[in-house]
Amino acid sequence: MHYAGRVPVKIAYFVSHPIQYQAPLLRRIAQEQDIELTTYFFSDFSVKGYADVGFGGVRVQWDIPLLGGYAHEFLPGVRKDAMSFAAPLNYGIYSRLRRGRFDAVWLHGYHTLNSLHVLIAAKALGIPVLMRTDSSPDDRARSRLKLVVKCLFFKFLRRMVRGVLTTGEKNAQYWRAALGPTFPHFLMPYAVDNDYFRERAKQAAPQREHLWATMGLRRGLPIFLYASKLQQRKHCIDLVEAFLRLSPRTEPEAYLLIAGDGEERAAVERRIREAGISNIRMLGFQNQSELPRLFDMCDVFVLPSIHEPWGLIVNEVMNAGRAVVVSDQVGCAPDLVHDGENGFVYQAQNIDALTSVLRRFIDDRSLAARMGARSAEMISEYSFEQNVDGLRCALAFVLPAIKK
């Protein structure tokens with residue numbers, strides 16, 4: 001679907017900061033000749049490098065390009081290194097929308113004062129707003145007061161937004177409950193740069209045996225991988241407990257690799273020491289370009305999180321053709337993990353259920369390969385091309401006057 005009349009369609013995209021997963025998507029949209037996208041960032045902290053609390057204070061400097069290949073601007077403001085409801089606090093939003101003569105606004109998230117600023121400025125100028133966020137029904141418990149406030153806010157949001165861009169089934173459920181079943185929504189699924197991760201996995205394959213030897217892994221045994229922040233809500237400790245239940249102290253039947261850092265690292269390491277086994281490897285923080293080599297050397301990826309809005313690392317590992325195991329509170333579960341086909345979905349925090357799932361890969365050594373092949377096929381349906389199509393459908397709805 002392409003556009004006539006005012007060509008190209010001008011979109012202002014507002015987002016908190018440059019995000020490693022979004023940069024390739026923004027570059028892809030910039031290739032569209034009839035869409036002119038300008039991205040406005042509230043903060044530049046991710047570009048400068050920062051101490052990530054979720055990674056236990058590890059200083060993070062992303063080793064992939066976050067900028068370049070798309071039009072962008074960092075908005076002026078104060079407290080630009082803080083991330084909260086009231087920070088960063090930017091100005092110049094209204095003036096940029098007015099001068100830019102934008103046809104539509106795309107806003108990521110609604111939880112900050114800056115988001116409210118964007119909504120009110122766009123409403124004053126008569127510019128339709130499309131909202132995208134990764135919210136999920138599997139959210140933290142809220143007090144009655146917070147639920148009342150949220151209900152009132154959603155009534156306000158219905159008047160300020162013309163449509164929502166849903167990232168997947170759980171996100172669609174969230175918006176149907178929040179804004180009503182008939183509120184316009186358009187699928188723009190969470191995706192990663194599939195070509196990049198497939199190519200990186202292929203490049204890593206020749207190093208596989210060297211990495212096995214470096215880590216002291218015996219060939220022929222299943223390798224389970226966890227790669228995420230070591231935060232309480234990620235429940236890596238559940239995976240450790242499940243693994244310990246199926247792994248005797250004598251000869252190991254499998255290996256567990258844990259890549260990541262964070263507040264729970266000490267507890268995880270303490271539990272491993274208490275168990276006195278040698279087939280769990282703690283690998284520490286791994287930057288994004290380093291992950292494909294871990295994807296390639298593992299057989300099964302496990303994400304045992306609760307309150308996980310999506311879990312984009314599942315997209316990444318599926319591009320390496322690997323089986324995936326996720327809890328039922330991981331947002332991508334209904335979309336990416338077909339139980340028994342390319343992996344398994346188990347009840348969150350049910351360690352017995354997780355143990356049973358892991359045991360299946362040990363008892364049937366060919367299961368992971370069969371499921372991994374299916375993962376590689378399925379992930380092709382979650383791509384930036386779908387994102388562009390979803391965005392176009394939403395634009396056709398909010399801008400019917402310029403649709404062909």
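The values are calculated or read from the model by the stated rules, or taken from the named source; none is laboratory data. None of these values were measured; they are calculated from a predicted model. Virtual Cβ from ideal backbone geometry, glycine too; neighbours counted across all protein chains shown. Calculation scope for accessible area: heavy atoms of the full protein, side chains included, ligands and nucleic acids excluded. Shrake-Rupley method; radii C 1.70, N 1.55, O 1.52, S 1.80 Å.
Here are some notes:
- Qualifying residue in the range 335-349 (condition: part of a helix (DSSP H, G or I), at pLDDT 95 or above and more than 30 Å from Phe102 (Cα to Cα)): yes
- Pairing residues of the range 149-170 that are under 26 Å from Gln386 (Cβ atoms) with residues that are open to solvent by less than 40 Å² (accessible area, probe 1.4 Å) and polar (S, T, N, Q), at Cβ distances under 6 Å and at least 6 apart in sequence or on separate chains, gives Lys170/Ser136.
- Conditions (1) at pLDDT 95 or above; (2) of a type outside the set (S, T, N, Q); (3) in contact with a strand residue (DSSP E or B) (Cβ under 8 Å, 6 or more places away or on another chain); (4) surrounded by fewer than 22 Cβ atoms within 10 Å (Cβ to Cβ); number of the one not met by Leu399: (1)
- Filtered residues of the range 333-375 (kept if open to solvent by less than 40 Å² (accessible area, probe 1.4 Å), without any contact (Cβ under 8 Å) to a residue 60 or more places away in the chain and of a type in the set (Gly, Ala, Ser)): Gly343, Ala353, Ser375
- Odd one out for Glu263, checked against (1) open to solvent by 40 Å² or more (accessible area, probe 1.4 Å); (2) part of a loop (DSSP other than H, G, I, E, B); (3) within 30 Å of Pro206 (Cβ to Cβ): (3)
- The range 78-133, residues that are in contact (Cβ under 8 Å) with a residue 40 or more places away in the chain and hydroxyl-bearing (Ser, Thr, Tyr): Tyr110, Thr112, Ser115
- Scanning the range 251-283 for residues that are on the phi > 0 side of the Ramachandran plot and without any contact (Cβ under 8 Å) to a residue 60 or more places away in the chain yields a single hit, Gly276.
- Taking the criterion of being in contact with a strand residue (DSSP E or B) (Cβ under 8 Å, 6 or more places away or on another chain) and either farther than 21 Å from Phe361 by Cα or not acidic (Asp, Glu) (or both), the residues of the range 288-302 that qualify are Leu291, Leu294, Phe295, Met297, Cys298, Val300, Phe301, Val302.
- If the condition is being modelled with pLDDT of 95 or more and either surrounded by fewer than 21 Cβ atoms within 10 Å (Cβ to Cβ) or among the aliphatic types (A, V, I, L, M) (or both), then the range 307-320 contributes Leu312, Ile313, Val314, Val317, Met318, Ala320.
- Search result, residues across the range 98-131 that are within 17 Å of Thr38 (Cβ to Cβ), among the aromatic types (Phe, Trp, Tyr) and either touching a helix residue (DSSP H, G or I) at 6+ places or on another chain (Cβ under 6 Å) or open to solvent by 10 Å² or more (accessible area, probe 1.4 Å) (or both): Phe102
- Number of residues in the range 143-194 that are at pLDDT 95 or above, of a type in the set (A, V, I, L, M) and open to solvent by 70 Å² or more (accessible area, probe 1.4 Å) equals 1.
- Phe344, sole failed condition from (1) within 19 Å of His185 (Cβ to Cβ); (2) more than 16 Å from the chain's Cα centre (by Cα): (1)
- When Pro181 is tested against the conditions (1) within 27 Å of the chain's Cα centre (by Cα); (2) under 19 Å from Gln286 (Cβ atoms); (3) of a type outside the set (D, E, K, R); (4) assigned to a loop (DSSP other than H, G, I, E, B), the lone failure is (2).
- Matching residues, the range 207-238, being among the basic types (Lys, Arg) and either modelled with pLDDT under 90 or open to solvent by 20 Å² or more (accessible area, probe 1.4 Å) (or both): Arg208, Arg218, Arg219, Lys229, Arg233
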